[in-house]
């Protein structure tokens, strides 16, 4: 199995667990004189089995990411950490640019008699920086996805 397939399976298992959890909670109590819609104990057991599968799969994915290299000396784990930080950095720069330009929240009407707000940062430069970070993020994400389809899942 390729790493990308394992990642899709992990997503399916997580979704399956959430469905089972919600169903077990809904079936955990019923009105006297009625029959429960589902067997909460059976749902709990099935959810627990899904969690066991998920734990095994996550361990294998983590071992694969730690061993597979995106490029010489850079593991997939390192690349994922870099990608996560790039996402946060882009949010930071774009958010400050939005705040400085008055684009955060509702539009504010300003009367001539009121004090004007002035940007304390170079909004244009912040947006250029955010755009550059977004481009770097997309390129790195594409390289990670490529490796995911090339690398076999560790045992």
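Figures for the structure shown
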{"quantity": "Residue check, residue 91 loosely packed, with under 14 Cβ neighbours inside 10 Å and in the same structural domain as residue 132 (by TED's automatic domain parsing)", "calculated": "yes"}
{"quantity": "Number of positions in the range 27-70 that are in contact (Cβ under 8 Å) with a residue 12 or more places away in the chain and assigned to a helix (DSSP H, G or I)", "calculated": "19"}
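The values are calculated or read from the model by the stated rules, or taken from the named source; none is laboratory data. Owing to the predicted nature of the structure, the values given are computational and were not obtained by experimental measurement. Don't worry about glycine lacking a Cβ; one is built from the backbone with ideal geometry, like all the others, and counts go over all protein chains shown.
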